[in-house]
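Here is the structure we will look at, set down as C-alpha cells.
The values are calculated or read from the model by the stated rules, or taken from the named source; none is laboratory data. Keep in mind the model is a prediction, meaning the values are calculated, not measured. In this analysis, Cβ positions are derived from the backbone assuming ideal geometry, glycine residues included, and neighbour counts consider all displayed protein chains.
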Ligand code: NAD
C-alpha cells in the first residue's frame, strides 16, 4: 500500500498551530504583517501573490499589497523595499520573482532587510542556513521537511537524491537535509541538468525530491521499491480541457506510485506546504522583531 502524502492536511495542521502563535502575538499587541510586491503582469505571478494575501488574511496576518507597473524604473522598486524595511508594521517582505529584465533581482534580494526576508533568499540567510543556524528556511524545502516529518519518514541515515540545484529549491533542500539536526542527517546527492545518468542515481535513493521543472521526468523504472517520492514540480502542460492546460509534477505519478511506499501528489502535495511555510516565516519574523516568545508548529 502506497501512502499518498496529503499536503493540504499537513498545511492545515501548520496553519492551526500558527493560529495559536498569532493569538499569543495578539495578546502582546502585535499583528504580524507581510508586504507583497508584484512587478509583473504574468498571470501565474498574479495568482501566487493573491493566494499569499488570502492565506495571510485567513490566519490573521496583515497583508500589505504593492503592485508596480512592469515598466517602473528599477530604482523605484529598490526605494519601495527601503521603505518597507523601515516600516514597523511590516515584518516580512516578499518580492514576487521573476522581476522584469531591467531590474537586477540580486540587488532586490540583497536590499531586503535580512530580518524581514521571509523567503530566505538574502545571502546572509543563505549563509546562516548553510552554517546550521537558519533564521528563515526557504518555504518550499522547509515545507518538504515538514511533510517528511508528518509522514514519519526518517531522514537520518537515508540516501536522498535531490533532482535540481536551484537557489530556491534544490540547493536549500540539500543543505537542510545534510544538517546535523532533526529532519537532516541524510546522505544527499544533488542531480541537475548535467548529471550523467540520473536514473542510476535515483535508483539508489531511499527518498527522491524532484525539483527540475520537467514534466514527469522521474518515472517508476527510475525508482527502487519502497522509495519515498516528493514531487516539487508544478508544470503546465497542454490539455484538452476548458483551461487548455493541466498541472503535472516532475514525477510520473502512476508509475512512481507502483514503486513508492509514500508519494506526494500534484497538486495537493508540496504546493500547500510552501504557502503555509511563508506564513510560518512571517509569524517567526514578527515574534523576533517584537521580542515575543511563541511556539511555532
Ligand atoms: P529551476 O528551473 O530554477 O531549476 C531547475 C533545476 O532542475 C536546475 O537546477 C536544473 O539543473 C535541473 N534540471 C533541469 N532539467 C533536468 C534534468 N533533465 N535532469 C536533472 N535535472 C534537471 O526551477 P525551480 O525554481 O527549482 O523549480 C523546479 C520545479 O518546482 C518547477 O516545476 C517549479 O514550478 C516547481 N516549484 C514548485 C513549488 C511549490 O511550491 N510546489 C515551489 C517552487 C518551485
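Pick from 157, 183, 213: which is touching a helix residue (DSSP H, G or I) at 6+ places or on another chain (Cβ under 6 Å), part of a loop (DSSP other than H, G, I, E, B) and at pLDDT 95 or above?
Numbers: 157 fails: touching a helix residue (DSSP H, G or I) at 6+ places or on another chain (Cβ under 6 Å); 213 fails: touching a helix residue (DSSP H, G or I) at 6+ places or on another chain (Cβ under 6 Å).
Only one candidate passes the filter, namely 183.
To keep it simple, each residue is scored yes or no on (1) in contact (Cβ under 8 Å) with a residue 40 or more places away in the chain; (2) surrounded by 14 or more Cβ atoms within 10 Å (Cβ to Cβ); (3) assigned to a loop (DSSP other than H, G, I, E, B); (4) touching a strand residue (DSSP E or B) at 6+ places or on another chain (Cβ under 8 Å).
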{"position": "35", "(1), (2), (3), (4)": "yes, yes, no, yes"}
{"position": "50", "(1), (2), (3), (4)": "no, yes, no, no"}
{"position": "65", "(1), (2), (3), (4)": "no, yes, no, yes"}
{"position": "78", "(1), (2), (3), (4)": "no, yes, no, no"}
Criterion violated by residue 71 - all others in (1) closer than 12 Å to residue 34 by Cβ; (2) not in a helix (DSSP H, G or I) satisfied:
(1)
Say whether the condition of being part of a helix (DSSP H, G or I), surrounded by 14 or more Cβ atoms within 10 Å (Cβ to Cβ) and free of Cβ contacts under 8 Å to residues at least 40 places away in the same chain is met by at least one residue in region 20-31.
no
Within region 160-180, how many residues turn out to be closer than 18 Å to residue 227 by Cβ and assigned to a loop (DSSP other than H, G, I, E, B)?
1
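So that you can scan it fast, the table gives a plain yes or no per residue for (1) touching a residue at least 24 places away in the same chain (Cβ under 8 Å); (2) surrounded by fewer than 16 Cβ atoms within 10 Å (Cβ to Cβ); (3) within 19 Å of the chain's Cα centre (by Cα):
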position: 91; (1), (2), (3): yes, no, yes
position: 94; (1), (2), (3): yes, no, yes
position: 98; (1), (2), (3): yes, yes, yes
position: 101; (1), (2), (3): no, yes, no
position: 105; (1), (2), (3): no, yes, yes
position: 119; (1), (2), (3): yes, no, yes
position: 124; (1), (2), (3): no, yes, yes
Being at positive phi and surrounded by 19 or more Cβ atoms within 10 Å (Cβ to Cβ) narrows 183, 170 down to just 183
If I ask for residues that are within 18 Å of the chain's Cα centre (by Cα) and either modelled with pLDDT under 95 or surrounded by fewer than 17 Cβ atoms within 10 Å (Cβ to Cβ) (or both), which ones from region 54-63 would you list?
54
The residue from 193, 255, 224 that alone is in a loop (DSSP other than H, G, I, E, B), modelled with pLDDT of 95 or more, more than 10 Å from the ligand (Cβ to nearest atom) and more than 29 Å from residue 19 (Cβ to Cβ) is 224
Do we find that residue 201 is under 30 Å from residue 34 (Cβ atoms), out of contact with any helix residue (DSSP H, G or I) (no Cβ under 8 Å at 6 or more places or on another chain) and surrounded by fewer than 21 Cβ atoms within 10 Å (Cβ to Cβ) in this structure?
no
Might you check whether a residue that is within 27 Å of residue 17 (Cβ to Cβ), within 14 Å of the ligand (Cβ to nearest atom), in contact (Cβ under 8 Å) with a residue 12 or more places away in the chain and surrounded by 15 or more Cβ atoms within 10 Å (Cβ to Cβ) occurs anywhere in region 235-246?
no
Quick test of your reading of the structure: residue 230 fulfils all but one of (1) within 15 Å of the ligand (Cβ to nearest atom); (2) touching a helix residue (DSSP H, G or I) at 6+ places or on another chain (Cβ under 8 Å); (3) in a loop (DSSP other than H, G, I, E, B). Name the failing condition by number.
(3)
Scan 183, 120, 127 and give me the residue that is away from the ligand (no atom under 16 Å from the Cβ) and over 19 Å from residue 5 (Cα atoms).
127
